[in-house]
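Asker: The structure's right below; bear with me while I get my questions together.
The values are calculated or read from the model by the stated rules, or taken from the named source; none is laboratory data. Worth saying up front: this structure is predicted, and the values here are computed from it rather than measured. Neighbour counts run over all protein chains shown; Cβ positions are idealised from the backbone, glycine included.
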């Protein structure tokens, strides 16, 4: 008898829970495509879901190359491998880039909430010199009156990934499921279908 | 005083060694670009370096979508994060796809060597049904007289990545180094330059 398939978000929440004893379990990889057409790939930290949705939040520095990549091609694929439960999630979707110049007040508020949900130590990273640029030994950390109540720094950027396709693979059970979203008629609500596929 | 920079291959060999107690330390992520222009990302297993070179070997199934991706765009980026030593390697380069139809005898021999260097259990995977296709409950494993001395199965494909750029980031020391290759005049020998960049 075929067993029922859980929604992918529930499978992901279960995996996060069962691997939470490992510090690196909140790290995933994000692939983007640059203006040269070549792929890029880097480790990032999961910052939770947008409230009451399946959209995934990521903090980043607006000076990194991934921002240029996402302006060129707004699609990305997260690959998240859980080393203890042997589960892989490949999450493909469109990325919304929210920096301080965003014209949408709601989105700016969302960026601010995400900023304050981040540890003070992590916020300090956005004071550092331009990531990926040559390291000048004489440069020092930007002096700034950053304190716990200071709002988002200019370099702070929130990424929100809106999943369209999720490929789930459990390497212990050899079960692999492809979840595909279909936008409903009003374009607001997503409807997911799922199918078992070969590992 | 600035400390000397080790070549990236030596840094990678050191990271492999110092994380070798973790089973998942041989897993990395490979990003490619599909014909739609969207990125893809998946976990793969490091199969060593090509003899006397810095080219990286990967086993894959020729029926997977990454092969189509690589025909469309032959560039890929490996992102390899070592969870114990907190080191990240982003390795960008051109990928050579070697399946059984390759016209080059030397490459076919290389594919055969890589096949026999793979465990018998791993070789059996290439007898499975078409990866990523809908799972038909009635399908059974292809019956085959595969034994330990059987040569490469048709679905077995060797990927060889020729690195052109390596971005190394040590999250413990906050040291980040960009390695860039410059092909020498005869086009045969690679020459690497390195530069410290901001984390």
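Asker: What's the number of the only condition in (1) under 30 Å from residue A:133 (Cα atoms); (2) over 21 Å from the mean Cα position of the chain (by Cα) that residue B:167 fails to meet?
Answerer: Against the list (1) under 30 Å from residue A:133 (Cα atoms); (2) over 21 Å from the mean Cα position of the chain (by Cα), residue B:167 comes up short only on (2).
Asker: Can I ask one more? Identify, from the list B:162, B:147, the residue that is at pLDDT below 95 and within 25 Å of residue B:100 (Cβ to Cβ).
Answerer: B:147
Asker: Starting from residues that are part of a loop (DSSP other than H, G, I, E, B) and in contact (Cβ under 8 Å) with a residue 24 or more places away in the chain, keep the ones in the range A:151-180 and report whichever is farthest from the other protein chains (Cβ to nearest Cβ).
Answerer: The qualifying residue farthest from the other protein chains (Cβ to nearest Cβ) is A:151.
Asker: Residue B:96 - would you say it is closer than 18 Å to residue A:38 by Cβ and either crowded, with 16+ Cβ neighbours inside 10 Å or under 16 Å from the mean Cα position of the chain (by Cα) (or both)?
Answerer: The answer is yes for residue B:96.
Asker: Pick out the one residue from A:4, A:15 that is free of Cβ contacts under 8 Å to residues at least 60 places away in the same chain and at negative phi.
Answerer: Of A:4, A:15, the one residue that is free of Cβ contacts under 8 Å to residues at least 60 places away in the same chain and at negative phi is A:4.
Asker: Now for a different question. Determine, yes or no, whether residue A:87 is over 24 Å from residue A:155 (Cβ atoms), within 10 Å of another protein chain (Cβ to nearest Cβ) and touching a residue at least 12 places away in the same chain (Cβ under 8 Å).
Answerer: Here the answer is no, as residue A:87 does not meet what is asked.
Asker: Looking at (1) surrounded by 17 or more Cβ atoms within 10 Å (Cβ to Cβ); (2) more than 22 Å from residue A:164 (Cβ to Cβ); (3) out of contact with any helix residue (DSSP H, G or I) (no Cβ under 9 Å at 6 or more places or on another chain), which is the one condition that is false for residue A:88?
Answerer: Among (1) surrounded by 17 or more Cβ atoms within 10 Å (Cβ to Cβ); (2) more than 22 Å from residue A:164 (Cβ to Cβ); (3) out of contact with any helix residue (DSSP H, G or I) (no Cβ under 9 Å at 6 or more places or on another chain), residue A:88 violates only (2).
Asker: Scan the range B:181-199 for residues that are more than 10 Å from every other protein chain (Cβ to nearest Cβ), at pLDDT 95 or above and surrounded by fewer than 15 Cβ atoms within 10 Å (Cβ to Cβ) and jot them down.
Answerer: B:193
Asker: I'd like to know if the range B:130-149 contains one or more residues that are surrounded by 18 or more Cβ atoms within 10 Å (Cβ to Cβ) and not in a loop (DSSP other than H, G, I, E, B).
Answerer: no
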